[in-house]
Amino acid sequence: MSDKAKLKIKDKEIELDLIVGSENELGIDISALRANSNVITLDPGYKNTGSCQSSITFLDGEKGILRYRGYSIEELAEKADFLEVAFLLIYGELPNKKQLDKLLSDINENSLIDEDIKKILENFPKSAHPMGILSSLTSALIAFDPLAVDVNSEDDMYDAFVNILAKIPILVAWVYRRRRGLPLDYGDYSLGYVENITKMMFQLPNSEYVQNDTLVNAINKLLILHGDHEQNCSTSTVRIVGSSHAGLFASISAGISALWGRLHGGANQAVLEMLEAIENDGGDTKKYMAKAKDKSDPFRLMGFGHRVYKNFDPRAKIIKVAADKVLDELGIDDPILEIAKGLEKEALEDQYFVDRKLYPNVDFYSGIIYKALKIPNEMFTVMFALGRLPGWIAHWREMRKNKEPIGRPRQIYTGENLRNFTNIESR
Ligand code: SDX
């Protein structure tokens, strides 16, 4: 097979290199296209456009495959611990015990946040959305630790990754606790990473904290499942912000803001709100299916559809099974789960959804578990951000180590042609 693509533009033929990935994906390298033809490509939403070559995550939307550094999401979700998956995403290999123990102890040594951050947090209105607070506080941390990361030093980058892996969970716990009017505290650094996150979030000041293994195992699995997803909107945001050589914390803060959108990570909150609306409406799923198909109605079936998956999102399959298990273990009978399953069944049998290959995505069932764990709807996307943090770090590191150029797309101008200024008297 020729390793070239031929492009004929009017009377000119241009040869373009073909890039073949390790899973035999093919890409046309157009990096010299404009120089050789004065022509650009146009692809709103980048549905057909690759922004980079990456070795972090592979997904096949047609086959419903998702792998982190070659390991299947099914195996990692079943067998791994979130912190070792974070190490895998960032450094490309599963850590040995010495590396994992060192990472955890380095994180614990970095797990203090300047008390002045609490003053910033306390000045947000209680009604402020947790994602807005988290993005702001992540950016605010820069003021307390302004040193730029030396991307030519692996040690310096490791220290920066440890720093952010240490501090973001504390911010998440503090945002959650302030919303509940609880004191802002630290966890117990003799615990594992996820155990400590759950203790920081759920411990109460007037009683001894008893670890709930169902809770820890569910959070661990959900964090792993949200770990990375190649060039999604928020990860692409982290990469493009980082490409200007903005710092790691600034890039992650931008990623949090991108994830907040209801078409992206904000969908998990929107799914629960939709399911609760259906429940309050007497469980009339058919009405909401009709709304989702009505082009004059902006309503979409939240948690359904995906830019890449045109088959089941493998994460949704795992979370659906986990939701059954968690609710069963906690002895919760939540009608919302049955409504979700009914909606899924209806959608999978509906021609509109079948024709458009709309399947449940990662956000469809995750909120049901978070709700069972007594995490409020508006905190769901914060939990998504906590899981996606190592993926964002991994992509920021890869982009900087590859010395990728600043992201600056072109455009096709469709505005006014040259015209002269007219004085206001004559307008
Ligand atoms: C995440 O990219 C990632 O990897 C993201 C993510 C990650 O891990 O980072 O996987 C996490 O963001 C998951 C997606 C969460 N979002 C939602 O659940 C919101 C609901 N879904 C949709 O808004 C939509 O499916 C998107 C945004 C997810 C994908 O949109 P696309 O790829 O731009 O597809 P599209 O809008 O062009 O839709 C194609 C057709 C349209 O109909 P037609 O114009 O062809 O007639 O499908 C329809 C759409 O109207 N459609 C839906 C629908 N999703 C698409 N119709 C009803 N309900 C929906 N949910």
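A few points about this structure:
- Qualifying residue in region 326-333 (condition: away from the ligand (no atom under 12 Å from the Cβ), closer than 25 Å to residue 291 by Cβ and touching a residue at least 60 places away in the same chain (Cβ under 8 Å)): no
- Residue count, region 34-55 (criterion: part of a loop (DSSP other than H, G, I, E, B) and either surrounded by 14 or more Cβ atoms within 10 Å (Cβ to Cβ) or away from the ligand (no atom under 15 Å from the Cβ) (or both)): 12
- For the residues 344, 378, the requirement of being crowded, with 20+ Cβ neighbours inside 10 Å, of a type in the set (D, E, K, R) and more than 9 Å from the ligand (Cβ to nearest atom) singles out 344.
- Qualifying residue in region 304-316 (condition: touching a Pro at 6+ places or on another chain (Cβ under 9 Å), assigned to a helix (DSSP H, G or I) and crowded, with 22+ Cβ neighbours inside 10 Å): yes
- Matching residues in region 252-274 - criterion: being closer than 14 Å to residue 300 by Cβ and either in contact with a Leu (Cβ under 7 Å, 6 or more places away or on another chain) or hydrophobic (A, V, I, L, M, F, W, C) (or both): 263, 267, 270, 271, 274
- Residue 337 vs. criteria within 11 Å of the ligand (Cβ to nearest atom), under 30 Å from residue 72 (Cβ atoms) and either among the basic types (Lys, Arg) or without any contact (Cβ under 8 Å) to a residue 60 or more places away in the chain (or both): no
- Residue list for region 1-33, restricted to those being within 30 Å of residue 68 (Cβ to Cβ) and assigned to a loop (DSSP other than H, G, I, E, B): 1, 3, 21, 22, 23, 24, 25, 29, 30, 31
- Residue match in region 307-320 (condition: on the phi > 0 side of the Ramachandran plot and out of contact with any His (no Cβ under 7 Å at 6 or more places or on another chain)): no
Coordinate-derived values only; no laboratory data. Please read all numbers here as calculations on a predicted model, not as lab measurements. Glycine also receives a Cβ, built like all others from the backbone with ideal geometry; neighbour counts cover every protein chain displayed.
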